[in-house]
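As structure tokens, the structure follows; a few thoughts come after it.
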Amino acid sequence: MSLQDYAQDVDSRRQERRREMPIAKAGRAIETLQDWERYAPPKSHHHWVDGRSAKETARAWLEPDGYAMPQEVHEVLHRHPSFGSVLDWDAEPEARLRFDAFAGEPRNTDLLVIATDAFGTYLLAIEAKADEPYGETIGETFAAALERRIDNPRSKGIARVEGLAALLLKPRLAGQPKARDLRYQLLTACAGALAEAQRRQLTRAIMLVQEFVTPATSESNHARNAADLQAFLERLSGRSDLLVQHGELQGPFVFADDAGIDLFVGKVMRNLRGCDD
């Protein structure tokens, strides 16, 4: 299906069903940027600015009319043989996904999408990035968890890190990055997607990085994030020949304790440099 046919199909289904907007939070439809900021704001208000990931994600998913997925997302799904043209979808911004039984805040996913194609229903967890880093490394997270364990013997931070690494990472091959140098946020992003797919009894889950190149971002930061995602994919897959390219999904990856769920990892990019506000 071409992009033009896809847009026409979305418009046709919208007219036929006359359903509510597909993006909502706690039962409230999100139709505008103002709705998104009001009902699903980022953790820090200063993150809601033009050129940064929180606001640009909202803009990408609401335009042109909030019924069609962003073009780059539709394209990456359409290219992979495990997915077909999207027939229906719903989404929740700032979705909280718990991936283990330990106490603490659940994983915050920028946008949780539940979509249906000819193969069935699947989960799409959007990890939105302008050029913000992926956060602490596993080594830094483990060290902080160890300090908490010293202060409080009941702290489960170390067990959480160990559990995620055991579930998601393959044994290290020669030349591959060490686990301690991987970005912990990428582990929790995949773990959250898998756990939510299992709760919903789905067999496909995607962790998709949606990257925004804007006047407020730098090439060096984009390059850093690309290297971090590539390093993570090498240890997730156990292979050094898989590349994270814009507009591609890699997978499926299958893990021992994920109830038979196929995980896919990919990245799409939206270049906003030179675009009018």
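List of remarks:
- Most fluctuating residue given options V73, V49, V161, as computed from a GNM of the chain linking Cα atoms under 10 Å: V49
- Working from Cα pairs under 8 Å separated by at least six residues, relative contact order for region 3-271 is 18 percent.
- Coarse-grained scattering of the chain at q = 0.15, 0.17 Å⁻¹, given as base-10 log I(q)/I(0) from a Debye sum over alpha-carbon atoms: -1.20, -1.54
- Placing a pseudo-label 7 Å from each Cα along the Cα-to-Cβ vector at I158 and E63 gives an inter-label distance of 5.0 nm.
- For the chain, the membrane-span-like helices by this rule, meaning whole DSSP H stretches whose C-alpha atoms cover at least 24 Å of axis and whose Kyte-Doolittle mean is -1.0 or above, are 219-237; this says nothing about an actual membrane.
- If a spin label sat at a point 7 angstrom from the Cα of A166 along the line to its beta carbon, the backbone N atoms of region 195-226 nearer than 19 Å would be those of 195.
- In this simple spin-label model, placing a label point 7 Å from the Cα along the Cα-to-Cβ direction at both L173 and R96 gives a separation of 4.0 nm.
- Over 27 Å between alpha carbons, listed pairs K25/K156; K178/K267; K156/K267: K25/K156; K156/K267
- Contour minus Cα-Cα distance for S220 and L33 (0.36 nm per residue): 64.4 nm
- Between M21, M207, M69, the Gaussian network model of the chain with springs among Cα atoms under 10 angstrom shows the greatest mean-square fluctuation at M21.
All of the numbers you see were taken from the coordinates with simple rules; none came from a lab. Model, not experiment: these values are computed from the prediction. Every residue, glycine among them, receives a Cβ derived from its backbone with ideal geometry; neighbour counts consider all protein chains shown.
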